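Step one of this worksheet: look at the structure below.
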Amino acid sequence: MTEIGRILEDTAVELLRIAVTELPTEYVEVIDEAMEETEGAVGKAQLTNILENVDIAREGSKPMCQDTGIVAFMVKVGDGFPLRSEVKEILVKATRRATEEVPLRPNAVDMFKGNTRDNVGLNGHVPIIYFDLVEGDDLELIAMPKGGGSTNIAAHRMLKPGLGMKGVKQFVIEALSNAGSLGCPPYFVGVGIGGGEDICMKLAKEALLKPFRIRSEDPKVAAIESELLEKVNELGIGAMGLGEGPTALDLHVEMAARHPASLPVGVVISCWALRHAKAVISSDGEVEIDKSV
């Protein structure tokens, strides 16, 4: 393996470690504020437990949840970056290493052969890797391991186009209402609209990683984000589904063009532990890690 390949592998392992052991500080601050503002003893206790858990994980560099998720990477490869086809295999090796070194719980299960024990699928689809080709000489890498509980409450629907944005909003609220306590709230919510039956779900996952509590530059989309976040919190699900404290900490929307006969909508939900970490690797091997994404 080339030196830049080793740097990429080491960086991917470190990003997975950070993602599962260090909740971004800005999330912690907002959860702490919510704990102070929550009047009910039950909700306050749940948020206090989350904060204590986060501190223990960070101090001991141990996963903040037993379910360290299915490993996923979002990769943007610049025109001048020296690696191309090798990137996938390097990220697979990094996943195997992180499983042993962090450690990550083995979560990749083959339908016929059972747990693979290394978080790598036998057919090459896990870890999940999203590739994009961009200008420049750098490679941007985001590690985003996502647990099964919050993954199980994701929702997708092909709406009739005539329902328009009103139908989209109704579906999002319905999806969160159905989720209830199942994904360990308070939640982060990503909404993807348009594209197609698969793309809307990818858009929703990308929406989860938009800047925390910063609304869209498009005022129409920003208004939808604010309205939906308010409505979701009015559901009263609360911390861990016990009816006290916030139901959602943030919500973002990502949109794409659609077929005139289709209105695809995807909702991807994260538990309170929205785990992710990002690095930019230059073509000469310099690494810059940004834990906040």
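The values are calculated or read from the model by the stated rules, or taken from the named source; none is laboratory data. Here the structure is a predicted model, which means the values were calculated and not measured. Please note: Cβ atoms are built from the backbone with ideal geometry, for glycine as well, and neighbour counts cover all protein chains shown.
Restricting the search to segment 140-194, which residues are of a type in the set (Lys, Arg) and under 21 Å from residue 215 (Cβ atoms)?
166, 169
Name the residues in segment 223-242 that are closer than 10 Å to residue 180 by Cα and surrounded by fewer than 21 Cβ atoms within 10 Å (Cβ to Cβ), would you?
Within segment 223-242, 235, 236, 241, 242 meet the criteria.
Can you pull out the residues in segment 268-293 that are of a type in the set (S, T, N, Q), surrounded by fewer than 18 Cβ atoms within 10 Å (Cβ to Cβ) and modelled with pLDDT of 95 or more?
Of everything in segment 268-293, those that are of a type in the set (S, T, N, Q), surrounded by fewer than 18 Cβ atoms within 10 Å (Cβ to Cβ) and modelled with pLDDT of 95 or more turn out to be 282, 283.
Return yes or no: is residue 211 buried (at least 20 other Cβ atoms within 10 Å of the Cβ), within 15 Å of the chain's Cα centre (by Cα) and modelled with pLDDT of 95 or more?
Against the criterion (buried (at least 20 other Cβ atoms within 10 Å of the Cβ), within 15 Å of the chain's Cα centre (by Cα) and modelled with pLDDT of 95 or more), residue 211 does not qualify.
Got at least one residue in segment 93-101 being free of Cβ contacts under 8 Å to residues at least 60 places away in the same chain, more than 22 Å from residue 281 (Cβ to Cβ), assigned to a loop (DSSP other than H, G, I, E, B) and charged (D, E, K, R)?
No, segment 93-101 contains no residue that is free of Cβ contacts under 8 Å to residues at least 60 places away in the same chain, more than 22 Å from residue 281 (Cβ to Cβ), assigned to a loop (DSSP other than H, G, I, E, B) and charged (D, E, K, R).
Do we find a residue being closer than 19 Å to residue 153 by Cβ, touching a residue at least 24 places away in the same chain (Cβ under 8 Å) and of a type in the set (Lys, Arg) anywhere in segment 220-231?
Looking for residues that are closer than 19 Å to residue 153 by Cβ, touching a residue at least 24 places away in the same chain (Cβ under 8 Å) and of a type in the set (Lys, Arg), one finds at least one in segment 220-231, hence yes.
Go through the residues of segment 6-26 one by one and say whether even a single one is over 24 Å from residue 146 (Cβ atoms) and assigned to a helix (DSSP H, G or I).
yes
Looking only at segment 110-169, count every residue that is without any contact (Cβ under 8 Å) to a residue 40 or more places away in the chain and among the hydroxyl-bearing types (Ser, Thr, Tyr) and tell me the total.
So the count comes out to 1.
Identify the single condition in (1) without any contact (Cβ under 8 Å) to a residue 12 or more places away in the chain; (2) among the charged types (D, E, K, R); (3) within 25 Å of residue 74 (Cβ to Cβ) that residue 258 does not satisfy, given that it satisfies every other one.
(1)
Kindly indicate whether residue 92 is touching a helix residue (DSSP H, G or I) at 6+ places or on another chain (Cβ under 6 Å), within 20 Å of residue 20 (Cα to Cα), modelled with pLDDT of 95 or more and in the same structural domain as residue 284 (by TED's automatic domain parsing).
no
So, in segment 117-139, exactly how many residues are in contact with a strand residue (DSSP E or B) (Cβ under 9 Å, 6 or more places away or on another chain), over 23 Å from residue 205 (Cβ atoms) and of a type outside the set (Gly, Ala, Ser)?
Total meeting the criteria: 3.
Conditions: (1) polar (S, T, N, Q); (2) within 25 Å of residue 20 (Cβ to Cβ); (3) assigned by TED's automatic domain parsing to the domain that holds residue 215. Residue 178 meets all but one. Number of the miss?
With respect to (1) polar (S, T, N, Q); (2) within 25 Å of residue 20 (Cβ to Cβ); (3) assigned by TED's automatic domain parsing to the domain that holds residue 215, residue 178 is out only on (2).
Of all residues in segment 128-149, which are out of contact with any Ser or Thr (no Cβ under 8 Å at 6 or more places or on another chain), assigned to a loop (DSSP other than H, G, I, E, B) and surrounded by fewer than 16 Cβ atoms within 10 Å (Cβ to Cβ)?
135, 136
Find all pairs meeting these conditions: Cβ atoms under 7 angstrom apart; at least six residues apart or on different chains; first residue within segment 6-25 and within 10 Å of residue 95 (Cα to Cα); second residue small (Gly, Ala, Ser) and in a helix (DSSP H, G or I).
Within 7 Å, the pairs are 9/94; 12/94; 13/94; 13/98; 16/98.
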